[in-house]
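The values are calculated or read from the model by the stated rules, or taken from the named source; none is laboratory data. Since we're looking at a predicted model, the values are computed, not measured. Virtual Cβ from ideal backbone geometry, glycine too; neighbours counted across all protein chains shown.
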Amino acid sequence: MTRAILSRGGELLFVAFGVSVLTFLMIHLVPGDAAQVMLGAADASPEKIAALRHQLGLDQTLVAQYAHWIAGALQGDLGTSVWTGRPVIEEIAGRVGVTIELTVLSLTAAIVIALPAGCLMATLRSSTAEYAVRVLSVAGITVPSFWLGAMLLYGAAAVAPNMQVVGYVPFAQDPLANLQRMLLPTIALALPVVASLARVVRASMQEALGQDYVRTARAKGLTERRVIFAHALRNALIPFLTTVGIMAGYLFGGSVVVEQVFALPGLGRLMVGAIAERNYPLIQAAILLATVTFVLVNFLVDLLYIAADPRARRT
Amino acid sequence: MNRANPLLWLGAALVVVQALAALASPWIAPYDPNVQDILARLQGPGAAHWLGTDNFGRDTLSRALFGYRTLFTISAASVLGALAVGGTLGVLAAWRGGWMDKVAMRLMDVLFAFPIILLAIGIIAVLGPGAFSTAIAIGVVYTPIFARMLRAPTLLLKDSEYVAAARAIGASDRRILGRHLLPNLSPVILVQASLSLSTAILVEASLSFLGLGTQPPTASLGRMLAESRNFLNFSPWPAVFSGAAILLAALGFNLFGDGLQDRLDPRLRSRR
Amino acid sequence: MTRIGSRTALAALAVMLPFAVGLPTAAAQTLEIATDQSPVGLDPHVATAFSTALIDSNIYEGLTAVDTDLRTVPSLAESWTVSPDGLTYVFRLRAGATFHNGRAVTPQDIIANIERVRDPKTASPFASRFTGIKGMEAVGANELRLTLDAPSAPLLSQLATLAIVAPEAAATLGRVPVGTGPFRFKEWVPDTYITLERNPAYWEKGLPYLGGLKFNIVPESATREAGIASGTYRLMPVVDAAAAAALAGKPGVRLLQTQDLAYSLIGLNTSKAPFDKPAVREAFNLAIDRAQLVQAVYFGRGVPGGPLSPALTQWALPVSAFPCYTPDAAAAQKKLQEAGITGKLKVTLNVLGSLQQVVDVAQVVQAQLNKAGFDVQLNVQEQGKFIADWRASNFEGFVSLNSGSPDPDDYFGRAFQTGGATNVYKYSNPDLDKLLIAARAETDPKARKQLYDGAQRILACTGPAIDLAYGTLFAAVRGDVQGFTPMATRSLRTLREAKIAP
């Protein structure tokens, strides 16, 4: 087990390194660099651009730039934002809260809804109802979140024109106003997760309900509710967790677009903005953070897997 | 056990109808999708324009039909490309084993760990926006999925007694892989390709929505949605229909893949 | 563990639901503003983007200012005298004017600012505006004398574009502006908001009324609309025609309007085929239907434009003066034949993708041109790439939105004179250069207008920029915002007189 963990940990390091190299290459291949974008569509002389490039270190070779970056990164210094001169860690820290809040709200809302919904779906007897539910759940997974967001915004404006639904108020400043503004983005982001999770719960539940130990439990005279929640649900836990891990990645990608639609100052908008501004250190750090988080979450899920299923230890 | 069939058929029907519509769009579209008619702009559904018109007075139905064409072409090209490249890589890595396997799969891990949209945005930023770049970007995103999917069964096959026996009678690697691995895996590949198409459609739409996909005036459903957003308060119809079209396209492939999976192995249902 | 998680989430959900309906916000003294883009830096001598000017116009002032009627009025200079030969200007500085760091403004500060703008190291796009100033000296404690090498008609209005910065803060102005204006910089959270607070030491006693300004950066048009309709934001300073039409009649929202100085255009590269031939440029003009464009993109709220904005009533020629502004596909074809072009002329236009209005303009123009026998491809670019290509003149043609200028000399000289600072078209026309040089030295308004009429006639049909349309500039405010007047320059200077009714 320790060996499995160590080897997965090594892979994680390699992936982080690979992602940083790839990100670095990619952003430096994009035409138009930070110096040009910063000076705007005005008349900046070639000398001025060259000077700024030098100041930003953009006139060094790619290898030298990367070496410089990784040396700093290993000491915990991810560089400073090209535009504001603040450490990128600070810039990211100021934004990551919004994304985390959005992700956590969506995930909790999804779990809270998906668990009972999945159980309910598992107990449906009529096949018509079951098909309807399945089509709905697939539709829920495939609905484009940016479309849903725009439609929700339009609907809200039509139904309750005075509702405060856009912008961002920090939770610490006014919790109610914060949650009120997070409502629509949460719905837009959570729906596909609800659908995915509910399907997983339903499938595992159905499987479990046909198994011997559930029959035994029923035979012992336990109530149906007890059977479902105490026995069958436990069986659903592992696939459920796996899906949650996959969804963590989805949620992050989805929040890029949803933050844009609802004007939330989160990490997704930071990244899209950073790409447009060619703010290299910021892009670099933000993508690294996002991928490492994604890999870590899945690493944890793997560990749970290994802990729960001895057979998985061998592979 | 034919429980999954109605959904499978529903999915297949959706895919076939939409694909046919996309193919036939030049003949069945009631209008030229790029012709502007300012006087008739932002109309709701009606007799002249079944699905209404956009802010330039272009016919939404015609644009949606041509939009399907763009959407299907790009999604299919990228998934097929990813299958070809990723699949070959996965099979070769497993078959050869050793350092080649390690390097290839770690590379795939790196690609896989990237947030999909950001990887695609990055690739398009490098290549410049357009249909071709979009297809490449989505293809790269899906390559690791197919590499992983084909690697595991190849490993199993490689260690099997069957291969040892085949080798003993002098069968070539190519013959073993072509005759036995691929036929056995084709249903799984079909399922994964179908499900990948479903998400590739969503990625293409997101990229067009962000203005990175096909260039105007080529009809693209994601761009239609993005452009109509500014006119939601006038006429929600172009936004409603273009979004619904994206949803239906993705839904068709997802139901089809899902149903197929059920049919192949009911026990594996929803365990993706 | 899962159970605790679900319970917390349930509680959170339970908290969320009852408050989904709006609570009225307290009448705060800070004005919530919704704008679409982050500024690209706040140094007023370097950054020229709308997004920068919008914010800087509250922080900085020039010696002079341009008022809502585009007249030049006193600002940091409370008065001035001009010698009869037009070569010497003496400005008396505003008593009590101080920088946001508390220091009083001196004549030396103004000199330092002019020097900074002219310094090649600053690379200011405004440098060329002040090259004609030969001598600068302080006269006493609060007077400044400028001597010119030739009379300059536009000097006073050009001085309005020179934001006076605190020279000691020059190194960090891109991020932390220090000026003399009614509001001072407080905080900038990138891509989120910029806050300014009231300058209590502002020289105009009692102003400003507002306690502060908060510029919320909201990229989506529909989101900004929803925000002002629901009262989250109190001011949307730049509203395009489509959004204005959507907001018209919304309860609590008031639309203000003015003629925009900014205009949509197609820029052509005159250094390479096919646009090196004036006849091809004229053919392009003839193929475009500007009236239809105004209907399609501006919802009828705009006017076809010539080389100068119709807002500049004293200078601009009516578009009826330009024969090529009457769409005529047959004449366009004839012009192409003159230029020796047969078959469909294939042209690629770069399009500034960050502004939907520009993309819309490009699509309408493309349809019109293709109908007239061209084969126009659009290349919608992300802002960074667009700017890089624009600067390097790496285009056949481009579609964009340019900010105008209240003074024709400033704009024409920079954009169209041979070697001009923003002459990315690589346009060179000795006849035009002669007119522009003569006009700059001409102080008699009538004679100056004559010269500019000539320049407009040259530029309209065969110039390197195909001017398309000037939209009506709308601003949306909540009903309780008083005293704000939108300006053609998109400056928010009038916010110093704005207040929120109790």
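The table for this structure:
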{"item": "For C:ARG198: the one exception among (1) away from chain B (no Cβ under 14 Å); (2) farther than 25 Å from C:VAL40 by Cβ; (3) at pLDDT below 90", "result": "(3)"}
{"item": "Those residues of the range B:204-220 which are under 20 Å from B:ILE117 (Cβ atoms) and in contact (Cβ under 8 Å) with a residue 60 or more places away in the chain, in sequence order", "result": "B:GLU204, B:ALA205, B:SER206, B:LEU207, B:SER208, B:LEU210, B:GLY211, B:LEU212, B:GLY213, B:THR214, B:GLN215, B:SER220"}
{"item": "Any pair with Cβ under 7 angstrom, 6 or more apart, that starts in the range B:72-95 at a residue that is within 11 Å of B:ARG151 (Cβ to Cβ) and ends at one that is among the acidic types (Asp, Glu)", "result": "B:ALA93/B:ASP101; B:ALA94/B:ASP101; B:TRP95/B:ASP173"}
{"item": "Qualifying residue in the range B:132-152 (condition: surrounded by fewer than 15 Cβ atoms within 10 Å (Cβ to Cβ), in contact (Cβ under 8 Å) with a residue 40 or more places away in the chain and of a type in the set (A, V, I, L, M))", "result": "yes"}
{"item": "Enumeration of residues in the range B:115-125 that are over 17 Å from A:GLY18 (Cβ atoms) and either within 7 Å of another protein chain (Cβ to nearest Cβ) or of a type outside the set (Gly, Ala, Ser) (or both)", "result": "B:ILE117, B:ILE121, B:ILE124, B:ALA125"}
{"item": "Verdict on C:ARG281 being in the same structural domain as C:LYS334 (by TED's automatic domain parsing) and closer than 14 Å to C:GLY471 by Cβ", "result": "no"}
{"item": "Considering residues of the range C:384-429 that are within 14 Å of another protein chain (Cβ to nearest Cβ) and acidic (Asp, Glu) only, the residue farthest from the chain's Cα centre (by Cα)", "result": "C:ASP389"}
{"item": "Selection from the range B:92-114 of residues that are at the interface with another protein chain (Cβ under 8 Å from one of its Cβ atoms) and of a type in the set (D, E, K, R)", "result": "B:ARG106, B:ASP109"}
{"item": "Failed item in (1) without any contact (Cβ under 8 Å) to a residue 24 or more places away in the chain; (2) within 30 Å of C:ALA244 (Cβ to Cβ); (3) small (Gly, Ala, Ser), with B:SER186 passing the rest", "result": "(2)"}
{"item": "First in the range A:122-137 and facing chain B (nearest Cβ under 9 Å), second anywhere and modelled with pLDDT under 80, Cβ under 7 Å, 6 or more apart", "result": "A:GLU130/A:LEU124"}
{"item": "Sole residue being of a type in the set (Gly, Ala, Ser), away from chain B (no Cβ under 14 Å) and either more than 24 Å from C:LEU70 (Cα to Cα) or touching a Ser or Thr at 6+ places or on another chain (Cβ under 7 Å) (or both), chosen from C:ALA321, C:ALA291, C:ALA332, C:ALA311", "result": "C:ALA332"}
{"item": "Filter result (within 13 Å of C:ALA465 (Cα to Cα) and of a type in the set (Lys, Arg)) within the range C:422-438", "result": "C:LYS426"}
{"item": "Candidates C:LEU378, C:LEU369, filtered to the one that is closer than 20 Å to B:THR214 by Cβ, buried (at least 22 other Cβ atoms within 10 Å of the Cβ), away from chain A (no Cβ under 14 Å) and touching a residue at least 24 places away in the same chain (Cβ under 8 Å)", "result": "C:LEU369"}
{"item": "The range C:216-272, subset more than 13 Å from every other protein chain (Cβ to nearest Cβ) and charged (D, E, K, R), residue surrounded by the most Cβ atoms within 10 Å (Cβ to Cβ)", "result": "C:ASP260"}
{"item": "Among the residues listed as B:ARG223, B:ARG229, the single one being free of Cβ contacts under 8 Å to residues at least 60 places away in the same chain and more than 9 Å from every other protein chain (Cβ to nearest Cβ)", "result": "B:ARG223"}
{"item": "Residue among C:ALA447, C:ALA415, C:ALA392, C:ALA441 that is touching a Pro at 6+ places or on another chain (Cβ under 8 Å) and in the same structural domain as C:VAL297 (by TED's automatic domain parsing)", "result": "C:ALA441"}
{"item": "The range A:7-26, residues that are within 30 Å of C:GLY384 (Cα to Cα) and at the interface with chain B (Cβ under 7 Å from one of its Cβ atoms)", "result": "A:VAL15, A:GLY18, A:VAL19, A:LEU22, A:MET26"}
{"item": "Residue within the range C:50-60 that is in a strand (DSSP E or B), among the aromatic types (Phe, Trp, Tyr) and crowded, with 23+ Cβ neighbours inside 10 Å present", "result": "no"}
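Table: residues versus (1) surrounded by fewer than 24 Cβ atoms within 10 Å (Cβ to Cβ); (2) free of Cβ contacts under 8 Å to residues at least 40 places away in the same chain.
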| position | (1), (2) |
| --- | --- |
| A:THR186 | no, no |
| A:VAL193 | no, no |
| A:ALA217 | yes, yes |
| A:THR223 | yes, yes |
| A:PRO239 | yes, yes |
| A:GLY245 | yes, no |
| A:SER255 | no, no |
| A:ALA276 | yes, no |
| A:LEU288 | yes, no |
